[in-house]
1. Output the residue which, of all residues in region 16-29 that are in a helix (DSSP H, G or I) and more than 27 Å from the chain's Cα centre (by Cα), is surrounded by the fewest Cβ atoms within 10 Å (Cβ to Cβ).
2. Taking the options Leu13, Leu42, name whichever one is part of a helix (DSSP H, G or I) and open to solvent by 90 Å² or more (accessible area, probe 1.4 Å).
3. Restricting region 70-98 to residues that are assigned to a loop (DSSP other than H, G, I, E, B) and either open to solvent by 90 Å² or more (accessible area, probe 1.4 Å) or farther than 22 Å from Phe40 by Cβ (or both), which is modelled with the lowest pLDDT?
4. Do we have Lys37 as closer than 30 Å to Arg67 by Cα, among the charged types (D, E, K, R) and outside any helix (DSSP H, G or I) here?
Amino acid sequence: MTKPTTIRLPEDLIEEIDRVVQDGNLDRSAYLREILKKGFSLDKKERIFEKYAKGELSQMEACRELRISPWHFLEELKSRNLYLNVELEDLLDSSELSS
């Protein structure tokens, strides 16, 4: 179910949107919904990776929120030049498991 909402946009952005809609013979509302959904998805992803980088989320929490596999998560980290959040205690705990 969709609900109407109102936002204010700069005139130049509205003009650019209208040009894209006319050039592509698109429905304006459908186009706006599509780009808003894409933009929201990208913003959500960026915010989750920021939280992960700050140590506010674990790898598994980030994977759950992003709905991606841990392997895909590692690929995303690499593409963003981010590193795994691994502390010395994590390494020490893992070495105790192998003993």
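The values are calculated or read from the model by the stated rules, or taken from the named source; none is laboratory data. These figures come from a predicted structure and were not determined experimentally. Every residue, glycine as well, gets a Cβ built from its backbone with ideal geometry; the counts of neighbours run over all protein chains shown. Heads up: the accessible areas ignore ligands, DNA and RNA and are worked out on the full protein's heavy atoms, side chains in. Shrake-Rupley method; radii C 1.70, N 1.55, O 1.52, S 1.80 Å.
1. Of region 16-29, the ones in a helix (DSSP H, G or I) are 16-23, 28-29.
From the residues that got through so far, the ones that are more than 27 Å from the chain's Cα centre (by Cα) too are 19, 22-23.
Working: Arg19: 10, Gln22: 10, Asp23: 8.
Among them, the one singled out is Asp23.
2. Only one candidate qualifies: Leu42.
3. Of all residues in region 70-98, those assigned to a loop (DSSP other than H, G, I, E, B) come to 80-87.
From what's left, either open to solvent by 90 Å² or more (accessible area, probe 1.4 Å) or farther than 22 Å from Phe40 by Cβ (or both): 81, 83-87.
Values: Asn81: 93, Tyr83: 88, Leu84: 87, Asn85: 83, Val86: 73, Glu87: 70.
Taking the candidates together, the pick is Glu87.
4. Spelling it out, it is not the case that Lys37 is closer than 30 Å to Arg67 by Cα, among the charged types (D, E, K, R) and outside any helix (DSSP H, G or I).
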